[in-house]
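Undergrad: Please see the structure below; I have some questions.
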Amino acid sequence: MADEKEGGKGGKGGKGGTATAAPPKGGSQAQGKGKDKAPAAGVDHEPKAQEGKPRLLDYYEKTIRSRLAKEFGLANANQVPRLVKIVLNVGMGDAGKNPKQLEAAVEELGLITGQKAVVTRAKKAIANFGLRAGVPVGATVTLRGARMYEFLDRFINLAVPRIRDFRGLPNRSFDGRGNYTFGIKEQMIFPEIDFDRVEKIHGMDITLVTSADRDDLAMGLLRELGWPFRGETPQRVA
C-alpha cells in the first residue's frame, strides 16, 4: 500500500511538466525531490512591499480631488492641494546620557511608521543647556508616497480613538503656508507599541506638509481625508 501511495503522488507531480522525462534511479529519492520542487514554483522570491494603492490614496484620487477643485473653484488640476510628506520627530534632551532610551525611540518610530528612523544631532553647542555640537538629541522619520498614506490612515482610524479624553485635534496649528503641525503626549496611542517593552513614555511632533500655499486649502484637504478637527464631526472616508 505504501508503494501505491508513493506512486500516486509521483503521478500528480508529473503534471508539473516532467512527465516526458525518464525517471532516474532511486525512484523514492527522486520522488522526494519532486515533492520539494512542486510548491517552490509558487513562491515569490521577490515579495512586493504592497499590493495595489493605499485605500486613502485611492479615495483622494477618485473623490477628494474633484471635490476640492469644485469647492475652491480651482480650474487647474495642479492647484488642487495634496499631501507631500509627513514628518515625525521625537526630541530627547537626555539622549546623550541615556543611549538606550534613544535606541528605544528609534525602534518605536520604526514600528509605528514601517520605516527606519534617523538620529538627529545638535547643530550648535549651547553652554546653558550643557549641549555640544554633534550630540544626539532625538530621532525623526520622513514619510512619502504610499507609506505616508498608510500611516495617515492608521493614525486617524486606530491611533486617535486611543487618545484619552479626546476632544479633537487643534484647527489653528497651521503655519500660514499650508503645513499643519501638532503634538501628542504619549507614543502609547499607537497599537504597534508594546507597553511592556517601553523604556520611557515620551511624546512627538507630527507635521503634515501639503502642496497648498494657503491654510484654508490645506484645512479643506485634511477635512476631506477625515481629519478629526476640534468641534467638528470628521468626514467619513469610504
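Undergrad: Identify the chymotrypsin sites (Phe, Trp or Tyr not before Pro) of region 151-238 meeting these criteria: DSSP loop state and at most 14 other C-beta atoms within 10 Å of the C-beta.
TA: Phe166
Undergrad: Continuing with the same structure: Loop-only trypsin sites (Lys or Arg not before Pro) in region 102-197, please: DSSP not H, G, I, E or B, and at most 11 other Cβ atoms within 10 Å.
TA: Passing sites in region 102-197 are Lys116, Lys123, Lys124, Arg164, Arg167, Arg172.
Undergrad: Which whole-angstrom value gives the distance between the alpha carbon centres of region 133-148 and region 190-230?
TA: Comparing the Cα centres of region 133-148 and region 190-230, I get a distance of 15 Å.
Undergrad: If I model a spin label at Arg132 and Asn157 as a point 7 Å from the Cα along the Cα→Cβ vector, what separation in nanometres do I get?
TA: 4.9 nm
Undergrad: I've got another one for you. Taking the Cα of Arg82, stepping 7 Å toward and past its beta carbon, and measuring to each backbone N in region 222-238: which are under 17 Å?
TA: 222, 224-225
Undergrad: Separate question: Report the convex hull volume per residue for region 54-150, counting only C-alpha atoms, in Å³.
TA: Expressed per residue, the convex hull around the Cα atoms of region 54-150 is 123 Å³.
Undergrad: Related question: Two decimals is fine: what is log10 I(q)/I(0) at q = 0.22, 0.23, 0.26 Å⁻¹ for region 152-236, from a Debye sum with one equal scatterer on every Cα and no solvent?
TA: Here log10 of I(q) over I(0) equals -1.12, -1.19, -1.40.
Undergrad: Separate question: Over all directions, how big on average is the projection of the convex hull of the alpha-carbon atoms in region 97-238, in square nanometres?
TA: Its Cα hull, projected and averaged over all orientations, spans 10.2 nm².
Undergrad: Show me the GluC sites (Glu not before Pro) within region 179-238 that DSSP assigns to loop and that have at most 12 other Cβ atoms within 10 Å of their Cβ.
TA: Those that pass, being in a loop and sparsely packed, are Glu232.
Undergrad: With the contact rule set at Cα under 8 Å and sequence spacing of 6 or more, what percent relative contact order holds for region 108-228?
TA: Computed value for region 108-228: 21 percent relative contact order.
Undergrad: Check which residues have an amide H placed less than 5 Å from Val84's amide H, if you skip close sequence neighbours.
TA: Val209, Thr210, Ser211
Undergrad: Among the listed pairs Lys85/Lys200; Lys62/Lys85; Lys53/Lys123; Lys62/Lys185; Lys100/Lys124, give every one whose C-alpha distance is greater than 30 Å.
TA: Too far apart for the 30 Å limit: Lys53/Lys123; Lys62/Lys185.
Undergrad: Next question. In whole Hz and in residue order, list the ³J(HN,Hα) couplings for region 135-149 that follow from phi through the Karplus curve 6.51 cos²θ - 1.76 cosθ + 1.60, θ = phi - 60°; x for Gly and Pro.
TA: 6, x, 10, x, 8, 8, 9, 10, 10, 9, x, 4, 5, 5, 5
Undergrad: Beyond 16 Å, what share of the Cα-Cα pairs of region 145-190 remains, rounded to the nearest whole percent?
TA: 49 percent
Undergrad: Give me the one-decimal nm value for the distance between modelled label points at Asp196 and Val118, 7 Å along each residue's Cα-to-Cβ direction.
TA: Taking the simple label geometry, Asp196 and Val118 are separated by 3.5 nm.
Undergrad: State in Å² the accessible area per residue of region 141-232; use a 1.4 Å probe, count heavy atoms of protein chains only, and round to the nearest integer.
TA: In whole numbers, region 141-232 has 52 Å² accessible per residue.
Undergrad: Hey, another quick one. Which semi-axis lengths, in whole Å and largest first, follow from the square roots of five times the eigenvalues of the Cα gyration tensor of region 195-238?
TA: 28, 16, 10
The values are calculated or read from the model by the stated rules, or taken from the named source; none is laboratory data. Keep in mind that what you see is a predicted model, and the values were worked out from it rather than measured. FYI the Cβ positions are ideal-geometry reconstructions off the backbone, even for glycines, and counts take in every protein chain you see. With ligands, DNA and RNA removed, areas are computed over all heavy atoms of the protein, side chains included. Shrake-Rupley method; radii C 1.70, N 1.55, O 1.52, S 1.80 Å.
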